[in-house]
């Protein structure tokens, strides 16, 4: 590939990807880096992402290459939109499906009207306690490193802002919610808190990030589409 084509990625590109379920954010970044290096025939290129998604979540990730990695903090500060499925009646230590159910709760008293009313209460600025199963740093280590060893650590609340919380599906024990929220919001923590607010328990059953600022997942590439893009570049 010509040096001109190499410079496209080295000078900096901002790429939108739809992260597959079960992949870590590092898996996606590493795959993109390998694909670019292979296609360009170069030994090194900077590749980074603007916001982690858990392995059990899918959806939009912004990947920056070369000099565009300097914009990562700018993208990380943007609001995020998610579509989340919450399952009432149970909790887990990780607040999602990563760990086994540790408690069961009643759900018969929950109504659609109750859910919609509580969603309105959850909008606005608020303190949120991050999950212990998270990448937050505690005493120089990731919180999940303590959690997986069964070591109990106190998580410090963080200030977040939930701009919109809309009920888009209701089929108890499951509900589907669209959330527009600030940087640093943990949807797993939202699930835990929302379940407790309805005198029950809840876990995050599934999560998809649909937007980061004005960037939409509908405009994102899959790994397969990116490979096609690279192959087309090589042929022109």
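Any idea what diffusion coefficient segment 80-212 gets from Stokes-Einstein, in µm²/s, Kirkwood Rh on alpha carbon pairs, 25 °C, 0.890 mPa s?
Reported coefficient: 163 µm²/s.
Relative contact order (percent) for segment 61-127, with alpha-carbon contacts under 8 angstrom and 6 or more residues of separation?
17 percent
For the Cα atoms of the chain, what angle does the longest principal axis make with the long axis of helix 25-40, in degrees from 0 to 90, nearest 10?
10 degrees
Taking only Cα atoms and a 10 Å spring cutoff, compute GNM fluctuations for the chain and point out the largest among 42, 172, 212.
Evaluated over the chain, the most mobile residue of the options is 42.
Report, for the chain, the % of DSSP beta bridges that are antiparallel, rounded to 5.
Beta bridges within the chain, antiparallel portion: roughly 90 percent.
Given the rule -39500 (n - 2.57) for each run of at least 4 DSSP H residues, summed and divided by the residues of the chain, what is its mean residue ellipticity at 222 nm, to the nearest 500 deg cm²/dmol?
-8500 deg cm²/dmol
Counting pairs of alpha carbon atoms under 8 Å apart in space and at least six apart in sequence, what relative contact order in percent does the chain give?
For the chain, the relative contact order is 27 percent.
Measuring from label point to label point, each 7 Å out along Cα→Cβ, what is the residue 16 to residue 103 span in nm?
That separation, rounded to one decimal, is 4.0 nm.
Taking the chain as the reference, fit the longest principal axis to its C-alpha atoms, fit the long axis of helix 112-121 to the helix C-alpha atoms, and give the angle between the two in degrees, 0 to 90, nearest 10.
Helix 112-121 sits roughly 70 degrees off the main axis of the chain.
What percent antiparallel are the DSSP beta bridges of segment 80-212, to the nearest 5?
That works out to approximately 95 percent antiparallel.
Determine the gain in length on full extension of the stretch residue 123-residue 44; use 0.36 nm per residue of separation and subtract their C-alpha separation, reporting nm with one decimal.
24.0 nm
How far is helix 223-235 tilted, in degrees, relative to the longest principal axis of the Cα atoms in the chain, given as a value from 0 to 90 rounded to the nearest 10?
In the chain, helix 223-235 runs at an angle near 10 degrees to the longest axis.
Can you tell me how much longer the chain between residue 221 and residue 73 gets when fully stretched, taken as 0.36 nm per residue apart minus their C-alpha distance, in nm with one decimal?
51.1 nm is the gain from fully extending residue 221 to residue 73.
For Cα pairs less than 8 Å apart in space and 6+ apart in sequence, what is the mean separation divided by the residue count of segment 5-66, i.e. the relative contact order in percent?
51 percent
Readers should treat all values here as calculations from the given coordinates under stated rules, not as data from a laboratory. Computed from a predicted model, the values in this text were never measured in an experiment. Using ideal geometry, Cβ is built from the backbone for each residue, glycine included, and neighbour counts are taken over all protein chains shown.
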